[in-house]
Amino acid sequence: MNDLIPLVNKLQDVFNTIGSEQIDLPQIVVVGSQSSGKSSVLETIVQKDFLPRGNGVVTRRPLVLQLVNTHMSSLPSSVSSDGSVNEAPDRAEFLHLPNKQFFDFEEVRKEIEAETARVAGQNKAISRTPIHLKIFSRNVLNLTLVDLPGVTKIPVGDQPTDIEKQTRNLILDYILKPNSVILAVSPANVDLANSDSLKLARHVDPEAKRTIGVLTKLDLMDAGTNSLDILSGRAYPLKLGFIGVVNRSQADIIANKPMADALKSETEFFQSHPAYRAIAHRCGTNFLAKNLNSILMNHIRDKLPDIKAKLNSLIGQTQQELSSYGDPSFTGKAHRGSLILQLLTRFASDFVAAIDGTSAEISTKELCGGARIYYIFNNVFGAALDSVNPCENLTVHDIRTAIRNSTGPRPSLFVPEIAFDLLVKPQIKLLEPPSLRCVELAYEELVKICHSCGAKELARFPRFHAKLIEVVSDLLRERLGPTSDYVESLISIQRSYINTNHPDFIGGGGAMSAIERASQKKKQDMERTRRLSTVNMVLAGNGGDSPNHREESGEKTLSNAMTNLTVHQAAERGDREREKLSHLNHPSNSSTSSLNGSHPGPNAPSKDTFLNYFFGPQQRMDRPTLQENPHRSGNVHNVAKEMVMPKTVLDGEPIDFERKVDHAADHDDYTGLNEREDMETQLIRSLITSYFNITRKSIQDLVPKAVMHLLVNYSREAVQNRLVAALYKEELFNDLLQEDDNLSAERAKCKAMLDVFKNAFTIINEAM
């Protein structure tokens, strides 16, 4: 049992070498307000004058005081010439002055003041950095005490305005530790309900299991009063009880009264006082020191198993941390090559695993690696292509100009195919920017993957890690150019030959059918609107008649109006059809023959004549054929309806060309065009939209394939060979394996901490 306190002192010395506070060691924390007499209590226990004195806050830094009994310890003593053993003189040692011993305790006081001023400054501010002092004496018992700044209420002089808060927080930091025993010092001449030390102790130890009460200044109480109820535990019960002491007065201190005489006077006071005579054996500084020694030893005995378990856990954690910094012995000359190759292979494996999605550290917060590349292909690139309007920046004026320029000096008899080629190629060019951006996004993701590989394993070799990233980045940059060039060539290939024989291309017949349907729908809407307007006008004209008469008259008028309207529309339609047929039978077109080789009659235009009107005889190869119908009439509209439109599919659904035409018409001004020019313009737009959709569909499929083949897969397969060829060179080993200075310092600190924990564990094992 007597070795337990020296054991804790050894542990404290061991931990002080690294400044670690990870272990909560058992110790006694002295708490009290200013002028409560706590410094006098400590000096009486040590029986030396060594603490600074003065007005206001004197103790401004925590003082960790270790008392070592030289009589009980194994410290060497001197031997005189006659063979008698001389006890070693009392002395003091500071942790910050390891090679210096103090035999004059007045020098100890001055050193405490100087060290306090060095850290806390010359004003009355406080500091959390403790002063470690060890005193060796035959007059003390083994103890570990912590003297804290006294609780203050009002800042004095140049003290900080929050000095009370700083002091309270500092005290709470120490007494909150469960292994701390609280020595609450309170003056007896002040009401105990106002004791700051007991208030703080009750805050952290509400059951009062680890609080010892000390009553000072019992000799200064008013005549006729005493603290017997408090010392007996009736007024304020504490499990460890209250102990009364009588310190030297200020006059005794000035007169330099010896400690031995002060202890003798204290004993006489308790034995002679009528109220304290019965408990005199449980009062006084000697009893306090013995009681503290016993309490601390029992406390250490109870807490030692927990300390051992905590040390064992810290050893395991520190060993794991040390292993994360790497073994410096493995970087020797004999192992450098294998280490370089091992790190190269691991980096390349991480790069490939990130692309394949097999990495052990897959993020659950965001898409990364191969999943991000897939997202770029299917979401980003696809949306960019879909956002391109097939007829973007293509106005009616542009279309009409292209048609006219394609006919040269001759008047246009039909829509030339050269105009379609001339207009559709610039539109295909619009697919190039999003395609190149897709390549850039995939490249950027691969660079990001490269920077995230090997971050932990290569943290100790920052130069090596930087070189690895540089080599892989160069590889990716080399592949970026060919990939972008190939994607540009895909667009150029699409523009180099306009394949109007593509099975999904709508062709002239399909476009005409779509335009015809759109035109009929538009006319029907206009006719419906006109009918409603006529009805409203008729009904409004009969507003003065009776309801029955107005209803009959409205119905009759409406019937007549509808009959007249139908006859009028039929006449207009017949006139337009006869005009077209007359134009088709003009002698200038007499060379055009029908499928049977005969010329068309005035009421039955041939299918060849109809197609030649819009496309010309040289463009019929890719146009839809006509189905013979013996019952069809000679009306041009019936001919258009019987044209077979090829099936076109975009994203799995038929193209709604009526919607395409209407959408284009909404954005262009068709006013000022005659019927033929309007038909030609809409026809060109329909053909451009159809062919653009086919090309867009092809580009959306080919670009991701090109990126995967030329950039992603190539880099994935070539990364390790490139790294080995560039970095596995003996002349580079020294530079690549240059460790980070901060990491080396952290490893050294971690190793020192591990040694301390192991040493402390060994000390506890030997003691147990």
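Summary table
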| quantity | calculated |
| --- | --- |
| √(5λ) per eigenvalue of the Cα gyration tensor, region 492-539, largest first, Å | 44, 10, 5 |
| Tyr374 accessible area, 1.4 Å probe, all protein chains in place, Å² to nearest 10 | 140 Å² |
| Centroid-to-centroid separation of region 469-488 and region 194-233 [C-alpha atoms, Å] | 80 Å |
| Sites Arg676 and Ala371, calculated FRET efficiency, Cβ-Cβ separation with R0 45 Å, nearest 0.05 | 0.25 |
| Label-to-label distance, nm, for residues given as Gln738 and His96 (7 Å Cα→Cβ offset) | 3.8 nm |
| Region 122-264 - charge dipole about Cα centre, Lys and Arg +1 at Cβ, Asp and Glu -1, debye rounded to 20 | 440 debye |
| Dipole moment magnitude, nearest 20 debye, region 230-277 about Cα centre, only Lys, Arg, Asp, Glu C-beta charged | 220 debye |
| Proximal lysines relative to Lys467, as straight alpha-carbon distance under 25 Å, when same-chain residues fewer than 8 apart are discounted | Lys333, Lys448, Lys456, Lys729 |
| Equivalent-ellipsoid semi-axes of region 714-768, from the Cα gyration tensor, Å, largest first | 45, 14, 9 |
| Solvent-accessible surface ranking, highest first, for Ser686, Ser35, Ser232 at 1.4 angstrom | Ser35, Ser232, Ser686 |
| In Å, descending, principal axis extents of the Cα set of region 153-285 | 44, 37, 28 |
| Efficiency of FRET between Thr225 and Arg277 - r from beta-carbon atoms, R0 25 angstrom, step 0.05 | 0.95 |
| Cubic angstrom per residue, convex hull over Cα atoms of region 251-363 | 316 Å³ |
| Estimated Rh, region 670-768: Kirkwood, alpha-carbon pairs, angstrom | 22.1 Å |
| Distance from region 733-754 to region 243-320 (C-alpha centre basis), Å | 46 Å |
| Spin-label proximity, Gln319 to region 733-758 - amide N less than 17 Å from point 7 Å beyond Cα toward beta carbon | 750-758 |
| Descending Cα extents along the principal axes, region 250-316, whole Å | 57, 32, 15 |
| Computed over region 88-158: relative contact order in percent, which uses C-alpha pairs under 8 Å that are six or more apart | 37 percent |
| Residue-level accessible surface for Val8, protein heavy atoms, 1.4 Å, Å² | 0 Å² |
| Exposure of Arg479 as accessible area (Å², to 10), given a probe of 1.4 Å and all protein chains | 40 Å² |
| Contour minus Cα-Cα distance for Asn123 and Asp158 (0.36 nm per residue) | 12.0 nm |
| Estimated distance in nm for a label pair at Asp3 and Lys749, the labels positioned 7 Å out from Cα along Cα-to-Cβ | 3.5 nm |
| In nm, spacing of pseudo-spin labels at Arg477 and Arg301 (7 Å Cα→C-beta vector) | 7.4 nm |
| Positive dipole terminus of region 705-768, leading residue within Leu732, Ala752, Leu710 (C-beta point charges) | Leu710 |
| Candidate lysines - alpha carbon under 23 Å from Lys48, same-chain residues fewer than 8 apart omitted | Lys38, Lys100, Lys110, Lys134, Lys217, Lys257, Lys264, Lys290 |
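The values are calculated or read from the model by the stated rules, or taken from the named source; none is laboratory data. The model shown is predicted, which means the values in this text are computed figures rather than measured ones. Here the Cβ is made from the backbone with ideal geometry for all residues, glycine too, and neighbour counts use every protein chain on show. We work out accessible area using only protein heavy atoms, side chains counted, and drop any ligands, DNA or RNA first. Shrake-Rupley method; radii C 1.70, N 1.55, O 1.52, S 1.80 Å.
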